Amino acid sequence: MNESDIKVMFSSETNEWATPKDFFHRLNKIYGPFDLDPCATVMNTKCRKYFTINDNGLRKDWSGYNVFMNPPYGRKIGRWLEKAYKESRKHNTSVVCLIPSRTDTKYWHDYCMKADKIMFVKGRLKFGMATNAAPFPSAVIVFTGENETRPFFYKTPMMGSL
């Protein structure tokens with residue numbers, strides 16, 4: 001990992017990281033098609049319908065959507081997981097979340113442990129334009145309102161781009 005990647009990943013310079021395209025496509029194939037991205041920018045959205053920071057996806061209704069969420073990895077991540085869980089309990093709404101695997105946090109125990117499925121990503125993902133993989137492990141949290149048993153496996157490549 002180069003010095004500039006380390007400075008950004010461990011600072012508050014940004015808490016929004018673009019989901020790797022091939023990783024998103026794998027999730028979309030299994031759980032999609034996704035039709036709402038509530039935590040996006042114009043440049044990194046993965047869905048036709050999306051909310052930016054100015055739209056404030058925490059205040060929007062996600063009812064009836066199949067949501068893909070890669071929330072900002074800052075202090076408000078717990079609020080995003082709470083929103084994802086509550087929205088998924090609405091009729092015809094599911095939410096798939098890509099988050100850091102921080103199993104020691106309050107939000108993990110309050111919301112992630114209520115998920116219909118939790119999957120840990122083997123290896124480290126390379127987000128956005130970063131030259132190296134993230135310094136933290138990732139997890140996929142699936143809130144569907146039902147208990148699914150579809151398998152999910154994803155291994156990050158040892159070398160090369162995602």
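For the range 118-137, residues that are touching a Phe, Trp or Tyr at 6+ places or on another chain (Cβ under 9 Å) and modelled with pLDDT of 90 or more total 1. Count of the range 82-97 residues, restricted to those that are crowded, with 18+ Cβ neighbours inside 10 Å and not in a loop (DSSP other than H, G, I, E, B), is 9. Taking the condition over 22 Å from ASP22 (Cα atoms), surrounded by 15 or more Cβ atoms within 10 Å (Cβ to Cβ), more than 12 Å from the chain's Cα centre (by Cα) and small (Gly, Ala, Ser), does GLY64 pass? No, not satisfied.
Just one of the listed residues (PHE34, PHE23) is farther than 19 Å from PHE127 by Cα and surrounded by 19 or more Cβ atoms within 10 Å (Cβ to Cβ), and it is PHE34. Scanning the range 31-43 for residues that are touching a strand residue (DSSP E or B) at 6+ places or on another chain (Cβ under 9 Å), of a type in the set (A, V, I, L, M, F, W, C) and touching a residue at least 12 places away in the same chain (Cβ under 8 Å) yields PHE34, LEU36, CYS39, ALA40. Which residue is surrounded by the fewest Cβ atoms within 10 Å (Cβ to Cβ), if the candidates are limited to the range 98-117 and must be farther than 16 Å from PRO72 by Cα and touching a Phe, Trp or Tyr at 6+ places or on another chain (Cβ under 8 Å)? Here the answer is LYS114.
If a residue must be assigned to a loop (DSSP other than H, G, I, E, B), closer than 22 Å to LYS86 by Cα and not acidic (Asp, Glu), how many such residues does the range 98-141 contain? Summing the residues that are assigned to a loop (DSSP other than H, G, I, E, B), closer than 22 Å to LYS86 by Cα and not acidic (Asp, Glu) in the range 98-141 gives 6.
Scanning the range 56-75 turns up one or more residues that are basic (Lys, Arg) and part of a loop (DSSP other than H, G, I, E, B).
Number of residues in the range 47-67 that are farther than 19 Å from ASN92 by Cα and in contact with a Lys or Arg (Cβ under 8 Å, 6 or more places away or on another chain): the value is 1.
The values are calculated or read from the model by the stated rules, or taken from the named source; none is laboratory data. Since we're looking at a predicted model, the values are computed, not measured. No Cβ is skipped: glycine too gets one built from the backbone with ideal geometry, and neighbour counts run over all protein chains shown.
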